[in-house]
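Shown next, in structure tokens, is the structure this report addresses.
The values are calculated or read from the model by the stated rules, or taken from the named source; none is laboratory data. For clarity, every value in this text was computed on a predicted model and none was experimentally measured. For neighbour counting, all protein chains shown are included, and Cβ atoms are generated from backbone atoms with ideal geometry for every residue, glycine included.
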Amino acid sequence: MTSSIQELVAIVPAAGIGARMGAEIPKQYLMLNHQPILAHTLDVLLAHPRITKVIIALNPEDTYFAKLTQAAHPKLMTVIGGKERADSVLSALKAAPSGAWALVHDAARPCLSALDIDKLIAACETDVGSEQGAILAMPVRDTMKRSGEGGAIQETVCRENLWHALTPQLFPVQRLKHNLNDALAADVAITDEASAMEWAGGRPLLVSGRFDNIKVTHPDDLQLAALFLQAAASDLNSNTGEK
């Protein structure tokens, strides 16, 4: 028997500083095609008809967010984030309705497709998905190597059944909050929401996502994200008949 998600809340942890970008401002506020990266991310989430609220976790010293046009959107609320990603997600979960599902998405993934959100929701409305939750992911295509001493190749890792974990990741608010709390209390390294669910014995579904749903982590990623956004806008204009 399938289960329909009645309330869906998007959570965006955006309290990080993005040190690997080497920029003077947090990477989520770097300009990308005429607006900050975070603005692109929020546009997709705020426009999705199934998402009733977007909760964004900010650094307490953030001076950039209030300048965004999206900051005044009625579906959006802010909370104070923490030092680590898991702390920020947990802070947002505490502000979410207990009976809702949480769609957690990286602030620096601006190329998210609404169709991928639809696929993720559909997976979580199946028998297995309603119990386990699901994440967007992409099968590993390249040959994988494990490094050894001195940066030399130690071995080739079989890529069969290996996936790149992406976001969004979708789980019931109460279950995710409970598992994150317990995992952090046990000093478990939580790199994404699925890892907290796995630690508690869960087996979230893997939903194949688009290859262009990249995370802007290094300077070169900005150029690639700009190309993906331009292509998406061109496709949209073609479908709507705009010139």
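Hand me the list of strands (runs of 3 or more DSSP E) wholly inside the stretch 1-113 holding 1 or more residues that are closer than 22 Å to Gln132 by Cα and under 17 Å from the mean Cα position of the chain (by Cα).
Numbers: elements: 8-14, 51-58, 76-80, 101-104.
Filter on the stretch 1-113 gives 8-14, 51-58, 101-104.
Here is a check on your reading of the model: is Ala100 touching an Asp or Glu at 6+ places or on another chain (Cβ under 6 Å), small (Gly, Ala, Ser), over 19 Å from Ala183 (Cα atoms) and modelled with pLDDT of 95 or more? It would help to see each step written out before you state the result.
Details: touching an Asp or Glu at 6+ places or on another chain (Cβ under 6 Å): yes; small (Gly, Ala, Ser): yes; over 19 Å from Ala183 (Cα atoms): yes; modelled with pLDDT of 95 or more: yes.
It is true that Ala100 is touching an Asp or Glu at 6+ places or on another chain (Cβ under 6 Å), small (Gly, Ala, Ser), over 19 Å from Ala183 (Cα atoms) and modelled with pLDDT of 95 or more.
Under the condition of being among the β-branched types (Val, Ile, Thr) and at pLDDT 95 or above, which residue from the stretch 1-51 is farthest from Pro97 (Cα to Cα)? Full working, then the answer.
First, pick out the residues of the stretch 1-51 that are among the β-branched types (Val, Ile, Thr): 2, 5, 9, 11-12, 17, 25, 37, 41, 44, 51.
Still in the list and also at pLDDT 95 or above: 5, 9, 11-12, 37, 41, 44, 51.
Details: Ile5: 13, Val9: 8, Ile11: 12, Val12: 16, Ile37: 27, Thr41: 22, Val44: 21, Ile51: 13 Å.
The selected residue is Ile37.
Taking the stretch 146-203 as the region of interest, how many residues are surrounded by 14 or more Cβ atoms within 10 Å (Cβ to Cβ), small (Gly, Ala, Ser) and assigned to a strand (DSSP E or B)?
Total satisfying the criteria: 1.
Just checking, which of Ser113, Ser98, Ser88 is among the polar types (S, T, N, Q) and buried (at least 23 other Cβ atoms within 10 Å of the Cβ)? Give the derivation first.
On the way: Ser113 fails: buried (at least 23 other Cβ atoms within 10 Å of the Cβ); Ser98 fails: buried (at least 23 other Cβ atoms within 10 Å of the Cβ).
Going through Ser113, Ser98, Ser88 in turn, just one is among the polar types (S, T, N, Q) and buried (at least 23 other Cβ atoms within 10 Å of the Cβ): Ser88.
Give the residues of the stretch 135-145 that are in contact with a Leu (Cβ under 7 Å, 6 or more places away or on another chain) and either surrounded by 18 or more Cβ atoms within 10 Å (Cβ to Cβ) or in contact (Cβ under 8 Å) with a residue 60 or more places away in the chain (or both), sorted by residue number. Break it down stepwise before answering.
Start the filter on the stretch 135-145 by keeping residues that are in contact with a Leu (Cβ under 7 Å, 6 or more places away or on another chain), which leaves 135-138, 140, 144.
Once the filter is applied, which keeps residues that are in contact with a Leu (Cβ under 7 Å, 6 or more places away or on another chain) and either surrounded by 18 or more Cβ atoms within 10 Å (Cβ to Cβ) or in contact (Cβ under 8 Å) with a residue 60 or more places away in the chain (or both), the stretch 135-145 yields Ile135, Leu136, Ala137, Met138.
What are the pairs with Cβ atoms under 6 angstrom where one residue, in the stretch 122-134, is of a type outside the set (Lys, Arg) and the other, located anywhere, is modelled with pLDDT under 95 and part of a helix (DSSP H, G or I)? Sequence gap at least six, or different chains.
From the stretch 122-134, the pairs are Ala123/Gly129.
Out of Thr52, Thr78, which single residue is in contact with a Leu (Cβ under 7 Å, 6 or more places away or on another chain) and surrounded by fewer than 16 Cβ atoms within 10 Å (Cβ to Cβ)? Talk me through it step by step, then tell me what you get.
Values: Thr78 fails: surrounded by fewer than 16 Cβ atoms within 10 Å (Cβ to Cβ).
One residue alone meets the criteria, Thr52.
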